[in-house]
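Structure first, then comments.
The values are calculated or read from the model by the stated rules, or taken from the named source; none is laboratory data. Fair warning: this is a prediction, and the values are worked out from it, not measured in the lab. Note that each Cβ is placed from the backbone with ideal geometry, even for glycine, and that neighbours are counted across all protein chains shown.
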Amino acid sequence: MDPLYNIGKLGKVELKNRYLVAPMTRVSAETDGQANERMEKYYERYAEGGFGAIITEGIYLDKSYSQGYHNQPGITDVKQMEAWKPIVETVHQHGTKMIAQLMHAGSQAQGNRFTDETVAPSSIRPKGEQLPFYGGSGPYKEPKEITVNEIADVKKAFANAAILSKEAGFDGIEIHGANGYLLDQFLTDYLNHRQDQYGGSLENRLQFSLEIIEAVREAVGEDFMVGIRISQGKVADQEHKWPNGEKDAYTIFSMLGKTTLDYIHVTDGDGAAPSFGVGTKTMAKAAKDFSGLPVIANGGLGEPDKARKLINQGEADYISLGTSALANPDAPNRISNHMPLKEFNAKEILMPQAQIKDIELKE
Ligand SMILES: Cc1cc2nc3c(=O)[nH]c(=O)nc-3n(C[C@H](O)[C@H](O)[C@H](O)COP(=O)(O)O)c2cc1C
């Protein structure tokens with residue numbers, strides 16, 4: 001039996017195999033953040049293609065600073081929640097589970113219809129430049145330092161968005177703690193110069209994420225799946241590494257392991273390579289060993305032998321596919337039928353999904 005096709009459990013939710021679609025921003029919602037039929041067709045392709053679960057694109061969660069991109073979907077009120085319902089239902093009809101990724105963009109925000117300002121742990125710009133394929137250009141804005149009261153608001157907003165996700169029918173939520181967005185900004189020494197309980201030691205810099213996990217869990221109850229995504233690299237600083245390597249990984253993952261999380265989703269340039277220098281653990285193995293929680297591994301894992309090895313060696317429990325899923329929405333079905341995967345064509349990501357004709361979506 002191929003371990004990639006073993007049934008598995010994330011929290012109390014059963015997945016028919018070990019393949020998930022990685023979260024991918026597609027900027028194809030309505031301008032007011034409503035999910036739409038185009039997105040339904042987009043997500044249905046993955047469900048038809050045999051994925052055990054789909055993690056949505058990052059969804060914004062309040063009407064202030066969390067939105068990162070124009071045409072990003074939101075889940076901030078009943079109207080936006082209702083718009084997700086048909087999408088989740090359609091995906092469920094194919095026996096595929098669906099997880100909402102809840103995202104606060106922080107200082108990596110480059111398109112927010114509620115405000116021109118951005119917030120971050122400290123008033124420090126992200127490195128790099130805004131993403132042109134999501135309509136940005138030039139350096140990121142200089143963010144405003146988020147206040148303790150605003151931090152409390154963000155916690156409430158995560159909890160509210162989690163409740164709405166549950167109401168929409170999602171099987172779980174994933175807190176976006178990775179890729180240089182707000183929670184990862186708190187974790188990052190060069191972006192967080194705070195003097196309060198949310199700055200200083202690595203433990204303090206993780207505190208905001210821990211409080212969000214707690215707030216979300218309290219809001220949704222113990223039966224609803226709650227995960228977190230963690231990375232070293234950032235949208236605005238792809239090569240970033242934690243300064244104390246595996247030691248930092250130990251601190252972060254062991255603290256996350258003591259929470260009520262159901263899983264940790266890690267992403268790396270190459271999810272099967274040592275993440276902290278020669279002879280060190282992969283991100284997935286570090287997360288698994290140090291947290292004891294189920295782990296989803298991500299990053300260049302389209303090649304089934306590579307993915308299978310991670311699972312066989314006990315380094316990961318699940319595999320998420322990003323670009324190889326974009327190129328092969330039916331990757332799990334293809335792989336189980338020993339069919340080759342199509343190469344990912346970068347042009348596809350440079351084109352917002354809104355511009356792809358429905359007919360192409362049906363291919
Ligand atoms: C178009 C695109 C959009 C993405 N948007 C998100 C996102 O919203 N949230 C997130 O956590 N990661 C996002 N990512 C990162 C992917 O989830 C994944 O980590 C990355 O593509 C590497 O995995 P892969 O080698 O399987 O493609 C995005 C990636 C791509 C290509």
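Quick check on residue 256: is it hydrophobic (A, V, I, L, M, F, W, C), crowded, with 18+ Cβ neighbours inside 10 Å and assigned to a loop (DSSP other than H, G, I, E, B)? No; evaluated as a whole, the condition is false for this residue.
Take the residues of the range 320-350 that are part of a loop (DSSP other than H, G, I, E, B) and within 8 Å of the ligand (Cβ to nearest atom): which is nearest to residue 231 (Cα to Cα)?
Looking at residues that are part of a loop (DSSP other than H, G, I, E, B) and within 8 Å of the ligand (Cβ to nearest atom), I get 322.
Restricting the first member to the range 175-187 and to residues that are within 13 Å of residue 233 (Cβ to Cβ), and the second to residues that are among the hydrophobic types (A, V, I, L, M, F, W, C) and in a loop (DSSP other than H, G, I, E, B), the beta-carbon pairs closer than 6 Å and six or more apart or on different chains are 179/235; 180/235; 180/236; 181/105; 184/178. The residues of the range 298-312 that are touching a Ser or Thr at 6+ places or on another chain (Cβ under 7 Å) and either more than 14 Å from the ligand (Cβ to nearest atom) or under 25 Å from residue 260 (Cβ atoms) (or both) amount to a single one, 298. Taking the range 267-302 as the range and being in contact with a Gly (Cβ under 6 Å, 6 or more places away or on another chain) and hydroxyl-bearing (Ser, Thr, Tyr) as the test, the residues that pass are 267, 291.
For the range 16-27, check the following and say yes or no: at least one residue is on the phi > 0 side of the Ramachandran plot, at pLDDT below 95, buried (at least 17 other Cβ atoms within 10 Å of the Cβ) and within 16 Å of the ligand (Cβ to nearest atom). Yes, because at least one residue in the range 16-27 is on the phi > 0 side of the Ramachandran plot, at pLDDT below 95, buried (at least 17 other Cβ atoms within 10 Å of the Cβ) and within 16 Å of the ligand (Cβ to nearest atom). Looking at the range 150-177, which of the residues that are farther than 17 Å from residue 212 by Cα and surrounded by 24 or more Cβ atoms within 10 Å (Cβ to Cβ) is farthest from the ligand (Cβ to nearest atom)? The selected residue is 171. Among the residues making up the range 213-238, those that are more than 18 Å from the chain's Cα centre (by Cα) and either in a loop (DSSP other than H, G, I, E, B) or of a type in the set (Gly, Ala, Ser) (or both) are 215, 219, 221, 222, 223.
Residues that are within 16 Å of the ligand (Cβ to nearest atom), aliphatic (A, V, I, L, M) and in a loop (DSSP other than H, G, I, E, B) were ranked within the range 100-134; the one that is farthest from the chain's Cα centre (by Cα) is 131. Confirm whether residue 57 is under 16 Å from residue 97 (Cα atoms), in a strand (DSSP E or B) and more than 19 Å from the chain's Cα centre (by Cα). Judged against the criteria, residue 57 is not a match. The criterion of at least 1 residues that are touching a helix residue (DSSP H, G or I) at 6+ places or on another chain (Cβ under 8 Å) is met, among strands (runs of 3 or more DSSP E) falling completely within the range 1-47, by 19-21. Of the residues examined, residue 49 is one that is within 16 Å of the ligand (Cβ to nearest atom), over 15 Å from residue 180 (Cα atoms), small (Gly, Ala, Ser) and surrounded by fewer than 23 Cβ atoms within 10 Å (Cβ to Cβ).
Taking the residues in the range 264-287 that are more than 21 Å from the chain's Cα centre (by Cα) and not basic (Lys, Arg) as candidates, determine which candidate is surrounded by the most Cβ atoms within 10 Å (Cβ to Cβ). Within the range 264-287, the match that is surrounded by the most Cβ atoms within 10 Å (Cβ to Cβ) is 276. Taken across the range 178-188, residues that are small (Gly, Ala, Ser) and buried (at least 20 other Cβ atoms within 10 Å of the Cβ) do occur, with at least one present.
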